[in-house]
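Asker: Attaching a single structure in structure tokens format; questions to follow.
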Amino acid sequence: MPIHHPAAGNGITSSGPSGAPHAVYIHIPFCTNKCFYCDFNSYVLKDQPVMDYLHALDREMELTVQETPPGEIRSIFVGGGTPTVLTPQEMEFFLASVRRHFPHWASDIEFTMEANPGTTDRDKLTVMKDGGVNRVSFGVQAFQNELLSGIGRIHNTDDVYRSLENARAVGLDNLSIDLMFGLPNQTVDMLDYSVSRALELGLPHYSIYSLKVEENTLFHTLYHKNQLPLPSEEEELNMYLLLMERMEQAGYKQYEISNFAKPGLASRHNITYWKNEDYYGLGAGAHGYVGRQRHVNIKGVNPYVEAAKAGLPRLEQFGVSREEAMEDFVMVGLRVLDGIRKADFRKQFAEELDEVFARPLGKMLDVGLLEPHSDDEGYRLSKQGVLFGNEVFAEFIGVLTE
């Protein structure tokens, strides 16, 4: 998934109603095939009722904005699945639907669509651009074809170059690619090669994630049969150190644990999540956060379609307590390397960060995994803390809600 803003449910105003989210996440759950590591809510495209799904999504948008009318939209992110498996005609219908229900766009809106190399010809990219998409994030993962086939990707490196060329040809220049490390049979040198090829592209943004073996995936099955040749922990750490060094040398700021950008080109949408701000979540299995209420949508394509006919297709909806919101503020905020600010916490909760989280803050400062901002306005991960972020975040889980 893919960055967010400071205060979920904090009543920020804009051109729209008080508290209206400024960010929209939309889920397109179709894929050409299922990658071996993927536990996302996605389904192989063949024989799926795509237009029924898009009509259901249109209906959910209609009901959602009736419930919480939108203000000015600053970011839209379409994820999946692989949204670019839609045909140009389906894509045109979908984008028109988005524009109809969320008509008030900021003049500098960031409208991102995830794409797989090989699913983006110029006709489709033209429809995307005409429909308002101005940022495309390609799931590249590696620049070795043997690694790609080993993780279940169906594109090859030629597809990567062709897709980027097609995007630029239709005027889409704000491009990002995802890479992965810690893959089966991947070495530090192989990652170094992928980073070199990626940097040669001179893109504004790179996301580089470590492989996580998730339940309900082929890799999970292989792992428990001891048939998944993963790098050692030391090799994986060396991979992360290498990519941080390479990206810094190339002039990219690491603004979040897994994300690197040229100045001013960080993903604004993801910053919404990391700053714990409100966002609409639409589509099968999507999560949303509005007015300190979280919801999760029904997952399966047909169940989602049927549910949308009857009303909002919610699987569950629940309030987030003040204490949970405080913990979320810290945990997601510390993912961003600029860290969290005391003033933001005070503004949102009318309490002092240092008092509420005195114990875990003190512990993490003592062991050197957190450090104060130079102006003592807040806290951020230290260089060592970036390497052990999950351990830091765990210190804040349940502190107020146990």
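Asker: Give me the aspartates and glutamates in straight-line cross-link reach of Lys124: C-alpha distance below 16 Å, same-chain residues under 8 apart excluded.
Answerer: The reachable aspartates and glutamates, counting only those whose Cα sits under 16 Å from Lys124, are Glu90, Glu92, Glu114, Asp159, Glu165, Asp173.
Asker: Which distance in Å, rounded to a whole number, links the C-alpha centroids of the stretch 67-90 and the stretch 25-58?
Answerer: 13
Asker: While we're on this one: So which aspartates and glutamates pass the test for Lys212, namely a Cα distance under 13 Å, with those fewer than 8 places away in the same chain ruled out?
Answerer: The qualifying aspartates and glutamates are Asp39, Glu233, Glu236.
Asker: Mind listing the lone cysteines of the chain, meaning no other Cys beta-carbon sits under 4.7 Å from theirs?
Answerer: Those would be Cys31, since no other cysteine Cβ in the chain comes under 4.7 Å of theirs.
Asker: Treating the stretch 268-390 as a set of equal point scatterers at the Cα positions, no solvent, please give the Debye-formula log₁₀ I(q)/I(0) at q = 0.14, 0.19 Å⁻¹.
Answerer: -0.69, -1.01
Asker: Can you give me the % of accessible surface on the stretch 189-292 that is carbon or sulfur? Probe 1.4 Å, all protein chains present, nothing else counted.
Answerer: Here it works out to 48 percent.
Asker: In debye, nearest 20: dipole of the stretch 240-320 around its Cα centre with unit charges on the Cβ of K, R (+) and D, E (-)?
Answerer: Magnitude of the dipole: close to 120 debye.
Asker: Moving to a separate point now. With respect to the cross-link table entries Lys262/Lys299; Lys129/Lys275; Lys46/Lys253, which display a Cα-Cα separation exceeding 32 Å?
Answerer: Lys262/Lys299; Lys46/Lys253
Asker: Let me know the Kirkwood hydrodynamic radius for the stretch 30-121, please, with Cα pairs as the basis and the value in Å to one decimal.
Answerer: Kirkwood radius, the stretch 30-121: 14.5 Å.
Asker: Size of the stretch 205-323 along its principal axes in angstrom, Cα-based, largest extent first?
Answerer: Principal-axis extents of the stretch 205-323 (Cα, largest first): 52, 44, 30 Å.
Asker: For the chain, just list the percent of Cα-Cα distances falling in each 20 Å bin from zero outward, please.
Answerer: 26, 60, 14
Asker: Considering every Cα-Cα pair within the stretch 226-271, what fraction, in whole percent, is farther apart than 11 Å?
Answerer: The answer is 71 percent, as a whole percent.
Asker: Check Leu179: other-chain or 5+ apart residues with amide H under 5 Å from its amide H, H built from backbone geometry?
Answerer: Gln141, Ser207, Ile208, Tyr209
Asker: Along its principal axes, what span do the Cα atoms of the stretch 173-229 show, with the longest given first and each in whole Å?
Answerer: Extents along the principal axes: 42, 24, 11 Å.
Asker: Based only on Cα atoms, what mean projected area does the convex hull of the stretch 158-271 have, in nm²?
Answerer: 8.4
Asker: Quick check on the chain: helices-only [θ] at 222 nm, where DSSP H runs of length 4 and up contribute -39,500 (n - 2.57) each and the sum goes over total residues. Nearest 500, please.
Answerer: -11500 deg cm²/dmol
Asker: Please give the per residue accessible area of the stretch 124-254, computed with a probe of 1.4 Å over protein heavy atoms only, in Å².
Answerer: 45
The values are calculated or read from the model by the stated rules, or taken from the named source; none is laboratory data. Predicted model, so just to flag it, every value in this text is computed and none were measured. Using ideal geometry, Cβ is built from the backbone for each residue, glycine included, and neighbour counts are taken over all protein chains shown. Note: accessible area is taken over every heavy atom of the protein model, side chains too, but ligands, DNA and RNA are not part of it. Shrake-Rupley method; radii C 1.70, N 1.55, O 1.52, S 1.80 Å.
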